[in-house]
Amino acid sequence: MIFKRKAYDKIVEWKNSKVRDSALLIEGARRIGKTTLVKEFAKNYYDDNYIYIDFKVATNELKEIFNDLKNIDNFFSLLFLLTGKSIKKGGLIIFDEVQFCPKARESIKYLVLDNRFDYIETGSLISIKENTKNIQIPSEERKIEMYPMDFEEFLWANDDYYTIDYIKDAYKAKTKIDEKIHKELMNKFRKYMAIGGMPKVLDVFMSTNSYYEADKIKKDIISLYKDDLRKHDNAYKTNCELLFDSIPYQLSKESTRFFVSNSFTDKRASQLEKSLFDLSDFKMVNIVYDFNNPDTFFELTKKSGLFKLYCVDTGLLVTELLKNNGDDINDSYKRIIMDDINYNFGSIFESLCCQMLVAKGIKPYYHTFKYNIEEKEKNYEIDFMYQKNFKTYAIEVKSTKRFENKSLLALKEKYKHLKIELFIVSPKTFNIETKYNVPIYMVPFI
């Protein structure tokens, strides 16, 4: 099944750009729907005037023609012969899984300058990074970051085009949401939280109506990710798999902060930093750093050694958390969605909040600080802080309807000279009379 994706509009924007001096590279983790999206775009905008090359299965003979582009006419003649298809000027050539042919990516510089055709590249970042160390990365690339399906795309897949508009309008108008409506909104949101945003997972669930079958696909994706990371670790002496594998354990603790000492023994800081850098590039995790000073750009006072790791897709996180549960999978998912389970969802809500912020192009941080309350110094932590349009935002995530906002109040008092927008994200309904409180499904709009 083909799902409507927001990244599609970005590809169209590239296609319609008046300055056409670059190929398009779609970056993202594996199994998030890059190939399906590009092929659908090609059919809609180029009819049959495009060539699709999957370098994962391409012959060595086809890959070798990218080693020599001195005679560009000869290159295209060979390309058409080996693919069995020719296209007219203005057509599209797709390099899928481009990481399996680094020379094809390097050739983009010359192919774009030739100005005969348009080019789109896709590939999993973990392999792109591994296979481009000996080539010159072309500057003639425009990059699009693609993520798993967000809540709105999830609703679109279920032919629901009303819910998000309702949420947007309610937030904009600061309208109180009736408890019955809020309950239905939370049921939809929890369903998204549990299933996640991987297209194949959603496709299987929609065709089988089985959480068990959907969970099996998620396990396959997790296994695929870990295999990729293991190969990368063996090649580059990093610890990416260990970090990735530690996420469920770290998030299950009272503090979701990632303590390196829990997973490493006698590892150099540089090795850890390289592992984090690679994980961030691979888009398999969202990394959130602590920082010192809200008075300036957060990145300038980032604490490299203090960070949190969140799974890029909460559906995968739920599968990891349930893998040793022992209960019936279908029943466990239903209980999660109906909020009928004795489990603290704080870590999942926090992970999903991070996921939604990143999908909106926001780089979140967390902030730890000390402040004197009643002549006693106390430690505080804000789950997420970020800067946008020269404004500062602070978010605390709560998984229950009963909560306190001591951390936000302490933040407000300590940095009273700053104008910081404060929010508590929770499963509680939206009520303008309840200061700071926003239901978690409204996070993309705050």
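A few remarks follow.
- Taken as a whole, the condition of being aliphatic (A, V, I, L, M) and either in a helix (DSSP H, G or I) or touching a strand residue (DSSP E or B) at 6+ places or on another chain (Cβ under 7 Å) (or both) does not apply to ILE32.
- Residue satisfying condition, being farther than 30 Å from GLU213 by Cβ, in a helix (DSSP H, G or I) and of a type in the set (Ser, Thr, Tyr), within set SER351, SER332, SER304, SER280: SER280
- Test result for LYS63, part of a loop (DSSP other than H, G, I, E, B), touching a residue at least 40 places away in the same chain (Cβ under 8 Å), surrounded by fewer than 19 Cβ atoms within 10 Å (Cβ to Cβ) and of a type in the set (Lys, Arg): no
- Of all residues in segment 221-269, those that are modelled with pLDDT under 60 and within 19 Å of VAL318 (Cβ to Cβ) total 1.
- Test: ILE424 is of a type in the set (A, V, I, L, M) and over 30 Å from LYS180 (Cα atoms): no
- Restricting LEU69, LEU62 to residues that are modelled with pLDDT of 95 or more and assigned by TED's automatic domain parsing to the domain that holds ARG105 narrows the list to LEU62.
- Residue match in segment 29-46 (condition: crowded, with 20+ Cβ neighbours inside 10 Å and on the phi > 0 side of the Ramachandran plot): yes
- For segment 210-231, taking the residues that are closer than 18 Å to CYS311 by Cα and either small (Gly, Ala, Ser) or without any contact (Cβ under 8 Å) to a residue 40 or more places away in the chain (or both), the one that is surrounded by the most Cβ atoms within 10 Å (Cβ to Cβ) is identified as ALA214.
- Residues in segment 174-186 that are farther than 15 Å from LYS401 by Cβ and in a helix (DSSP H, G or I): LYS180, ILE181, GLU184.
- Some residue of segment 400-419 being within 24 Å of the chain's Cα centre (by Cα) and in the same structural domain as LYS174 (by TED's automatic domain parsing): no
- Residue in segment 319-331 that is closer than 30 Å to PHE369 by Cα and under 25 Å from the mean Cα position of the chain (by Cα) present: no
The values are calculated or read from the model by the stated rules, or taken from the named source; none is laboratory data. As the structure is a computational prediction, the values presented were derived from the model and not from experiment. No Cβ is skipped: glycine too gets one built from the backbone with ideal geometry, and neighbour counts run over all protein chains shown.
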